[in-house]
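Right, one structure below, let's go through it.
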Amino acid sequence: MAARRRTAVLISGRGSNMESLIAAAAAPDFPAEIVLVLSNNPDAGGLATAAAAGIPARAIDHRPFGRDRAAHEAEIDAALREAGVEIVCLAGYMRLLTPYLVGRWAGRMLNIHPSLLPDFKGLHTHERAIEAGVSHHGCSVHVVTEDLDAGPVVAQARVPVLPGDTPEALAARVLVEEHRLYPEALARFALSLPV
Ligand code: GRF
């Protein structure tokens, strides 16, 4: 088997998508291994989950950097390089990235977004989908580019929007699909990367 691609996951909160990636990558034949979890938020619940799974997990708090986003990103980038990372997965990472970090990981950074892109970029996607009256909603995994939630989509999953849906109920239905879709998309992406 070809070498498993060294993958980092960036989170800001509970990290349930990170957990699904770690679980999938625990299989020895999965084409990526999770070697590092980073969070901009020291209180992210996902850090403890990752550590419990034996994955090096570290917070790089953005707050001491104030408005200097590039300096915060330089530290993230240094941690990624130090760990020999080849693929970065954003999973509920709630910081907007500058062109600097996106450029450093061009073609090697994925994000999961809770909508059927290009619909509902940005925040509050479930509320907006219900308000718009769409019949289907879902999630997308895309390659990260400079524009928010706009890079090439590599995988999508759809769910129905049901009568009487609340944003919470719809989010829960989408999340089940996120947990299935992200590992599948990462596996395909890892296999497609040039050596
Ligand atoms: C997910 O819905 C993800 O698509 C969005 O933020 C949420 C993060 O959840 N970007 P978790 O931290 O992975 O549990």
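The values are calculated or read from the model by the stated rules, or taken from the named source; none is laboratory data. This is a predicted model, so every value here is computed, not measured. No Cβ is skipped: glycine too gets one built from the backbone with ideal geometry, and neighbour counts run over all protein chains shown. For accessibility, only protein heavy atoms count, side chains too; no ligands or nucleic acids. Shrake-Rupley method; radii C 1.70, N 1.55, O 1.52, S 1.80 Å.
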Check your understanding: Before we move on, is ALA78 away from the ligand (no atom under 12 Å from the Cβ), farther than 20 Å from LEU186 by Cα and either over 18 Å from the mean Cα position of the chain (by Cα) or crowded, with 19+ Cβ neighbours inside 10 Å (or both)?
Key -> yes
Check your understanding: Is it the case that VAL85 is within 16 Å of the ligand (Cβ to nearest atom) and open to solvent by less than 30 Å² (accessible area, probe 1.4 Å)?
Key -> no
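Results for (1) closer than 22 Å to ASN40 by Cα; (2) touching an Asp or Glu at 6+ places or on another chain (Cβ under 6 Å); (3) within 12 Å of the ligand (Cβ to nearest atom), shown as yes or no for each residue.
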site: ARG95; (1), (2), (3): yes, no, yes
site: MET109; (1), (2), (3): yes, no, no
site: PRO114; (1), (2), (3): yes, no, yes
site: HIS126; (1), (2), (3): no, no, yes
site: VAL195; (1), (2), (3): no, no, no
Point to revise | Scope the range 1-13; condition part of a loop (DSSP other than H, G, I, E, B) and either out of contact with any Gly (no Cβ under 8 Å at 6 or more places or on another chain) or surrounded by fewer than 14 Cβ atoms within 10 Å (Cβ to Cβ) (or both); matching residues | key: MET1, ALA2, ALA3, ARG4
Review point. How many of the residues making up the range 165-194 are more than 23 Å from PRO28 (Cα to Cα) and open to solvent by 80 Å² or more (accessible area, probe 1.4 Å)?
Key: 2
Revision key, fill the gap. The residue that is surrounded by the fewest Cβ atoms within 10 Å (Cβ to Cβ), considering only those in the range 33-71 that are more than 16 Å from the ligand (Cβ to nearest atom) and under 18 Å from GLY13 (Cα atoms), is ARG63
Practice item. Could you run through the range 14-73 and say how many residues are closer than 20 Å to PRO99 by Cα and assigned to a helix (DSSP H, G or I)? Key: 7
Check your understanding: Before we move on, is HIS124 buried (at least 19 other Cβ atoms within 10 Å of the Cβ), at pLDDT 95 or above and more than 14 Å from the chain's Cα centre (by Cα)?
Key -> no
Exercise for review: Take the range 111-140 and flag every residue that is in contact with a Phe, Trp or Tyr (Cβ under 6 Å, 6 or more places away or on another chain) and under 21 Å from SER20 (Cα atoms).
Suggested key: ILE112
